[in-house]
1. Where does each of VAL144, VAL49 land when they are ordered by accessible area, with a 1.4 Å probe and the largest first?
2. Kindly write out, for the stretch 41-51 in residue order, the coupling ³J(HN,Hα) from the Karplus curve 6.51 cos²θ - 1.76 cosθ + 1.60 (θ = phi - 60°), rounded to whole Hz, with x marking Gly and Pro.
3. Evaluated at 37 °C with a viscosity of 0.692 mPa s, what Stokes-Einstein diffusion coefficient in µm²/s does the stretch 1-109 have when Rh comes from the Kirkwood expression over alpha-carbon pairs?
4. Find the relative contact order for the stretch 32-98 and round it to a whole percent, using C-alpha pairs within less than 8 Å whose residues are 6+ positions apart.
5. In whole Hz, with x marking every Gly and Pro, tabulate ³J(HN,Hα) for the stretch 53-70 from phi via Karplus 6.51 cos²θ - 1.76 cosθ + 1.60, θ = phi - 60°.
Amino acid sequence: GSTINWGGAEKPLPVDMVLISLCFGFSIATMVQCIGHISGGHINPAVTVAMICTRKISLAKSVFYIAAQCLGAIAGAGIVYLVTPRSVVGSLGVTSVHGDLSAGHGLLVELIITFQLVFTIFASCDSKRSDVTGSVALAIGLSVVIGHLFGINYTGASMNPARSFGPAVIMGKWEHHWVYWVGPIIGAVLAAALYEYIYCPDAELKQRFKEAFTKTSQQSKGKYIEVEDTRSQVETDDLLLKPGMIHVIDIEKGEDKKGRDP
């Protein structure tokens, strides 16, 4: 609703970026606070895909999550369409790449703003941290505000494939729609992987990395770990040449002897 231009097509009002950004950000913060303890409060297919890649949700459950997110987006866009006068409904907030930009530019922008959103989600919801004292939901909401303030003029600042999918279905506008799936999903997966496996891995994973790096450094310095299995020694002994194992055959002498035989 915040994307509707109430000036209509004849006297369009300037786009109020702050209004749109705060509306989306506080809406997300409110929803996360309300349903976070029930379902995790993903709301966003890109977030769900990131959770799959970090093994925080099963693939079977994620199918239902993404289906519910898309159906919810269609229902929400449909309700806004029904209650909005036709004279001002416009494009119903369908996200689109700026006319002076290519689809590749739009893809990069969506990747970046979704990256910062998902990184914030993983960092704020990390159960290993004991220093988080503020509101997790508000932190996530503010990251949505930041993404919108930066990206509205570029791509409409989707950060959420379902957010773009709902209005596109209602209005039948699909130009560059793939950008709003590929960009956010790549950004979300990169953010989740970096946080979960590089910046803040769990204790077990950190120990595995430590052992792997220790072995690598030892081998690079010329130190090797003894192998208890004796099969390698047996195989090596079999390859040793022992006296009497090699016989030299004189082919010419053999042919001469054959020629003299009656």
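1. Result, largest first: VAL49, VAL144.
2. So the Karplus estimates, Gly and Pro as x, are x, 5, 6, 10, x, 5, 5, 5, 4, 4, 5 Hz.
3. Numbers: Rh = 16.4 Å.
Rounded, D is 200 µm²/s.
4. Values: 25 pairs, mean separation 13.2, N = 67.
Taking the mean separation of contacting Cα pairs over the length of the stretch 32-98, I get 20 percent.
5. Coupling constants for the stretch 53-70: 5, 9, 6, 9, 8, 7, 5, 4, 5, 5, 4, 5, 4, 5, 4, 5, 4, 5 Hz.
The values are calculated or read from the model by the stated rules, or taken from the named source; none is laboratory data. The shown structure was predicted, so the numbers you read here are calculated from the model rather than taken from an experiment. Ligands, DNA and RNA are stripped out before the accessible areas are found, and what is left, the full protein with its side chains, is counted by its heavy atoms. Shrake-Rupley method; radii C 1.70, N 1.55, O 1.52, S 1.80 Å.
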